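The values are calculated or read from the model by the stated rules, or taken from the named source; none is laboratory data. All values derive from a computational prediction rather than experimental measurement. FYI the Cβ positions are ideal-geometry reconstructions off the backbone, even for glycines, and counts take in every protein chain you see.
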Protein chains: 2
Amino acid sequence: MSLKAISSRDNPLYKELKHLATSSQARRRAQRTLLDGVHLCSAYLSQRGLPPLCVVGESAQANPEVAAVLERCAATQRIVMPDALFHALSQVEHGIDLLFVIDTPQVQAAGRLETSAVLLDNLQDPGNVGSILRSAAAAGVAAVYCSPGTAFAWSPKVLRAGMGAHFGLEIHEQADLAALIASASIPVLATSSHADASLYDVDLRQPVAWLFGHEGQGVSADLLALATQRLAIPHLGEMESLNVAASAAVCLFEQVRQRTADAAAVARASAQGRPR
Amino acid sequence: MSLKAISSRDNPLYKELKHLATSSQARRRAQRTLLDGVHLCSAYLSQRGLPPLCVVGESAQANPEVAAVLERCAATQRIVMPDALFHALSQVEHGIDLLFVIDTPQVQAAGRLETSAVLLDNLQDPGNVGSILRSAAAAGVAAVYCSPGTAFAWSPKVLRAGMGAHFGLEIHEQADLAALIASASIPVLATSSHADASLYDVDLRQPVAWLFGHEGQGVSADLLALATQRLAIPHLGEMESLNVAASAAVCLFEQVRQRTADAAAVARASAQGRPR
């Protein structure tokens, strides 16, 4: 198996990797990012194919999962380096030393909102953004629009929290949410403490766009005013609000519940109509 | 307003505070912890009363919210210190420099599981534990049991993510989950990829105990085997699993939905029965 070895911190490619690993500006400028660890790399391989570059720590070569990934990456540039050099590139503490360099997927310009989508207004925490991407992917909502103030979706922290969700989604960054909402042909629903209705009273079997906001301030007032409806998640205890990723999960899976309940009812009805 | 001033890092009380701020072992041993920031301190005041100690940074004294808290803490020991000393105690980056030292609430020994509860098996991430506590408090589920391997609920990071949820809950740490489950008089429901049923097919109007597990490995096999039922959250997209805090929110609020739907149905029925 042919691997190119890097042995020095002064190697120009190593310097470039270090830059990508540590600077979000460098990642945005290069339109490249790092996938850290076997889980993310395997998910990328199965959903998006070969990466431009596959990097492995010396000791990790013996790991069977890593060996299988290296095998599949035969047509890719493969780099091996001492563990100490690898660890300076990785944020995973007790992981297996494998990473991919990938081109940040470019998505088409945002069109009109016509299918179910998630809109993120100024979300700060990478863990929250990653968790919401994961919930959206599981709920079958593939389009995600992030405002300029939202944590960069392709940063290593968001990627790690997303657990591979990124690769099945269409993620629009730097999106103009106000323009999107104003031109939407489907209802745009925002969670808010100033609510018109309960989440559980809304028909979610049709496509809707979900608008979630900043961890502290919630959805900004101008976007909230543009939304079709402001919804509350009913509480049974004394607590002001939920974490935004928890709140998103509740909304997205209430939509799943209504959609699957509908499908189950159709199946039951058609079973009853069947000749015996 | 009488405040005691600390001006040196060598002050014995300052050293003790620094110890509490930086060492989880020190917090466990002293059975004391720090509440960082105005939001947590205010929540504590309104739900639990006065803390043993209130600490404020010099500049923050001018802040009206801080002044109001200091006023209410008149019967408490109040400490003021230079901002630089305060910042070495705080994990909040752009917050208002106020913190409480509180005694970690001691809860009674765990009895039998009879009311709705949340059981956390080996959860690692403080943000996830805090988010789940917040969801439990909002869903009206007051009893929480944490296994020995779960992140310490009264650590500053979990407290911050919990946003005050702690003060309305009864949190049992170092709980023997196997013994609790074995003696439970209510169903114990675990989310699992090896599921017997869909979350949406289970009657959640009665008390249940929710069992959530480790971020990577899920609920451990021995506890999973003890659970009354293993549930799946149906997915509509290709994604292996949800973040555990997202999954907990979906479960806890499906319980809220069923309970409030029931209450709404009762209200409708009784309204129909009312004489006109």
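Residues being within 7 Å of another protein chain (Cβ to nearest Cβ), surrounded by 18 or more Cβ atoms within 10 Å (Cβ to Cβ), in a helix (DSSP H, G or I) and over 22 Å from the mean Cα position of the chain (by Cα) are represented in the range A:255-262 by at least one member. Would you mention how many residues in the range B:207-235 are more than 14 Å from chain A (Cβ to nearest Cβ) and in a loop (DSSP other than H, G, I, E, B)? Residues meeting the conditions: 4. Go through the residues of the range B:108-128 one by one and say whether even a single one is closer than 19 Å to residue B:45 by Cα and touching a helix residue (DSSP H, G or I) at 6+ places or on another chain (Cβ under 9 Å). Checked the range B:108-128: no residue is closer than 19 Å to residue B:45 by Cα and touching a helix residue (DSSP H, G or I) at 6+ places or on another chain (Cβ under 9 Å). For the range A:221-246, a residue qualifies if it is over 20 Å from residue B:246 (Cα atoms) and either in contact with a Leu (Cβ under 9 Å, 6 or more places away or on another chain) or crowded, with 22+ Cβ neighbours inside 10 Å (or both), and the qualifying residues are A:223, A:224, A:226, A:227, A:228, A:229, A:230.
Residues in the range B:77-90 that are surrounded by 17 or more Cβ atoms within 10 Å (Cβ to Cβ) and either over 19 Å from residue B:46 (Cα atoms) or at pLDDT below 90 (or both): B:79, B:80, B:81, B:85, B:86, B:89, B:90.
Suppose the filter is more than 24 Å from residue A:167 (Cα to Cα), touching a Leu at 6+ places or on another chain (Cβ under 8 Å) and surrounded by 20 or more Cβ atoms within 10 Å (Cβ to Cβ); does residue A:55 pass it? Considered against the rule, which asks whether it is more than 24 Å from residue A:167 (Cα to Cα), touching a Leu at 6+ places or on another chain (Cβ under 8 Å) and surrounded by 20 or more Cβ atoms within 10 Å (Cβ to Cβ), residue A:55 comes out as no. Residues satisfying the criterion are absent from the range B:186-193 (criterion: closer than 23 Å to residue B:133 by Cβ, polar (S, T, N, Q), in contact with a Lys or Arg (Cβ under 8 Å, 6 or more places away or on another chain) and within 9 Å of chain A (Cβ to nearest Cβ)).
Out of curiosity, is residue A:101 more than 18 Å from the chain's Cα centre (by Cα), buried (at least 17 other Cβ atoms within 10 Å of the Cβ) and in contact (Cβ under 8 Å) with a residue 40 or more places away in the chain? Answer is no for this residue.
Residue A:168 meets all of the listed conditions (1) within 9 Å of chain B (Cβ to nearest Cβ); (2) crowded, with 24+ Cβ neighbours inside 10 Å but one, namely (2). Checking each residue in the range A:154-179 for being within 26 Å of residue A:29 (Cβ to Cβ), within 21 Å of the chain's Cα centre (by Cα) and of a type in the set (A, V, I, L, M) picks out A:158, A:159, A:161, A:165, A:169, A:171, A:175, A:177.
Kindly check whether there is at least one residue in the range B:156-165 that is within 14 Å of chain A (Cβ to nearest Cβ), basic (Lys, Arg) and under 30 Å from residue B:236 (Cα atoms). Within the range B:156-165 (the criterion being within 14 Å of chain A (Cβ to nearest Cβ), basic (Lys, Arg) and under 30 Å from residue B:236 (Cα atoms)), the answer is no, since none of the residues qualifies.
I need the full set of residues from the range B:176-201 which are surrounded by 15 or more Cβ atoms within 10 Å (Cβ to Cβ), part of a loop (DSSP other than H, G, I, E, B) and modelled with pLDDT of 95 or more, in order please. Correct list: B:184, B:186, B:187. Residue B:16 falls short on exactly one of the conditions (1) without any contact (Cβ under 8 Å) to a residue 24 or more places away in the chain; (2) under 23 Å from residue B:167 (Cβ atoms); (3) among the acidic types (Asp, Glu), and that condition is (2).
Could you grab me the full set of residues in the range B:18-52 that are among the aliphatic types (A, V, I, L, M) and in contact with a strand residue (DSSP E or B) (Cβ under 7 Å, 6 or more places away or on another chain)? Within the range B:18-52, B:20, B:21, B:34, B:35, B:38 qualify. The residues of the range B:107-128 that are free of Cβ contacts under 8 Å to residues at least 40 places away in the same chain and within 12 Å of chain A (Cβ to nearest Cβ) amount to a single one, B:126.
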